[in-house]
Amino acid sequence: MIPANETFNGTYPFKPNFTSAPGFRMHYVDEGHGEPIVCLHGEPTWGYIYRKFIPSLSRSHRVIVPDHMGFGKSETPSDREYTLRTHVDNLEALLLGLNLADITLVMQDWGGPIGGGFACRHPDRVKRLCLLNTIVPLGLPLEPDLFPKNMESEWFRWIRKSHDDGSLENVLGHLDVTVLSVMKLLGFENSAAVDQTWIQAYGAHFRTKEDCIGAINFPLDFALGKAQFQTGRPDQAEAVRRKPAMLAEGMRDKAVLPETALTHFRTAFPDGAVIELENAGHYCQEDVPEILIALIEQFVQLR
């Protein structure tokens, strides 16, 4: 767990907030006022990936950026299950504890299934969905065929191979030194963003193999076919499909294949806006932050 007041040379200067509602010490940023925008990270990052988004979006909105269990400034309890269902439970405890409504969900990577799970449980609390290189499972007929096909991405082929030969934990269990190479494997394009502070910020949580349990279990939950997508009842999933939605897709993604994300989104949200970002990868928040901030601001204003 990263110390609460660590700012990484002023690049993450936001006041730390904590809740014990999920049953562990969960960190979140809470900046600004107005309708809430909740920004959800994925593997193996934390709220730091939204550091450039928070100042701009919080000028007109209340911006909430949680760190999932096992990441960033949140705890890594050893007695908890690190499954998709558990992460949705944790987010639900946080957002209901804050009594948020009219939420705009900004979701990347595992933030999609986690935020989408919350939306399906509580469609009345969600106003808009903004997807960044991710998928929101909704129990659609194409999902049983589409999601297994995504297992052929470079990332999940590596996950299966490394799990089978026993090397997975040696890489993901030492993210304090391997985090950049792992992010490049998923699709990180903006090498100009990398300096010593960047490396320290993304590696700081992962001091021991025990600290890496969340990052190890995220991909395994899906790769081993254990992930339980939280799609709610059919009427709840259908209510989510009626929400305004946009997808900004980094087309150099090596984890969630662009073909998979685009096909699913266009089926789930036929009236949704799609923006293809040719020079961005899986971590589009790092690759093209200014473009995404402008797109989100426009999306919120228009929809």
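The values are calculated or read from the model by the stated rules, or taken from the named source; none is laboratory data. In this text the structure is predicted, and so the values were computed from the model without any measurement. All Cβ positions, glycine included, derive from the backbone under ideal geometry; neighbour counts span all protein chains shown.
Okay, here's what the table says:
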| read-out | value |
| --- | --- |
| Region 204-222 - residue that is of a type in the set (Gly, Ala, Ser) and within 17 Å of the chain's Cα centre (by Cα) and, of those, surrounded by the fewest Cβ atoms within 10 Å (Cβ to Cβ) | 215 |
| The one condition in (1) buried (at least 20 other Cβ atoms within 10 Å of the Cβ); (2) modelled with pLDDT of 95 or more; (3) not charged (D, E, K, R) that residue 232 fails to fulfil | (2) |
| Count of region 6-46 residues which are polar (S, T, N, Q), assigned to a loop (DSSP other than H, G, I, E, B) and free of Cβ contacts under 8 Å to residues at least 40 places away in the same chain | 2 |
| Count of residues meeting criterion [within 29 Å of residue 224 (Cα to Cα) and in contact (Cβ under 8 Å) with a residue 60 or more places away in the chain] in region 47-90 | 19 |
| Subset tally (residues that are more than 13 Å from residue 22 (Cα to Cα), within 15 Å of the chain's Cα centre (by Cα) and either surrounded by 17 or more Cβ atoms within 10 Å (Cβ to Cβ) or at pLDDT 95 or above (or both)) for region 83-119 | 17 |
| Among (1) of a type in the set (Asp, Glu); (2) outside any loop (DSSP other than H, G, I, E, B); (3) surrounded by 15 or more Cβ atoms within 10 Å (Cβ to Cβ); (4) at pLDDT 95 or above - the single one residue 253 does not satisfy | (2) |
| Leading residue by the ranking (nearest to residue 44 (Cα to Cα)) among those in region 273-287 that are touching a strand residue (DSSP E or B) at 6+ places or on another chain (Cβ under 7 Å) and either in contact (Cβ under 8 Å) with a residue 60 or more places away in the chain or in a helix (DSSP H, G or I) (or both) | 282 |
| In region 235-250, the residues that are surrounded by fewer than 19 Cβ atoms within 10 Å (Cβ to Cβ) and either in contact with a Gly (Cβ under 8 Å, 6 or more places away or on another chain) or assigned to a loop (DSSP other than H, G, I, E, B) (or both) | 242, 243, 244 |
| Search result, residues across region 292-303 that are assigned to a helix (DSSP H, G or I) and touching a residue at least 40 places away in the same chain (Cβ under 8 Å) | 292, 293, 295, 296, 297, 299, 300 |
